[in-house]
Amino acid sequence: MSAGCAIGLGQNFDLGLCIKTTLVDWTPDWLEPLLPYWPLAAVIVGAGVAYRLAGAPGLAAFAAAVGFVLGRRSMEPNNPDIPDADQDPPVRKKKR
């Protein structure tokens, strides 16, 4: 049996259980149905912060960053035409 967030001699510390119990205890009931939409909320809050700090140029930079990240995530894996960070660079043969 795990003790969750208990720390001390003879106590088992389980980080996953500690985080889960903390989130369940601290999350209000009305917020739980909205948790799957946290990426959308993060984008809205990020856009608001960017606009507040830098105005329209900051909002444009934030939109470019979001577009870049979403574009990178939509790439097809294992496509030989698109270089991947994990792939070795192509070996060039010397011309004779």
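Observations on the structure shown:
Results for (1) surrounded by 10 or more Cβ atoms within 10 Å (Cβ to Cβ); (2) modelled with pLDDT of 75 or more; (3) assigned to a loop (DSSP other than H, G, I, E, B), shown as yes or no for each residue.
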{"site": "Ser2", "(1), (2), (3)": "yes, no, yes"}
{"site": "Leu40", "(1), (2), (3)": "yes, yes, no"}
{"site": "Ala47", "(1), (2), (3)": "yes, yes, no"}
{"site": "Arg52", "(1), (2), (3)": "yes, yes, no"}
{"site": "Val69", "(1), (2), (3)": "yes, yes, no"}
{"site": "Asp81", "(1), (2), (3)": "no, no, yes"}
{"site": "Asp86", "(1), (2), (3)": "no, no, yes"}
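- Contact map, the stretch 33-45: first residue within 18 Å of Arg73 (Cβ to Cβ), second residue not small (Gly, Ala, Ser), Cβ cut-off under 7 Å, separation 6 or more or different chains; pairs are Val43/Val66.
The values are calculated or read from the model by the stated rules, or taken from the named source; none is laboratory data. Not measured: the values here are computed from a predicted model. Note: ideal-geometry Cβ built from the backbone for every residue, glycine included; neighbour counts use all protein chains shown.
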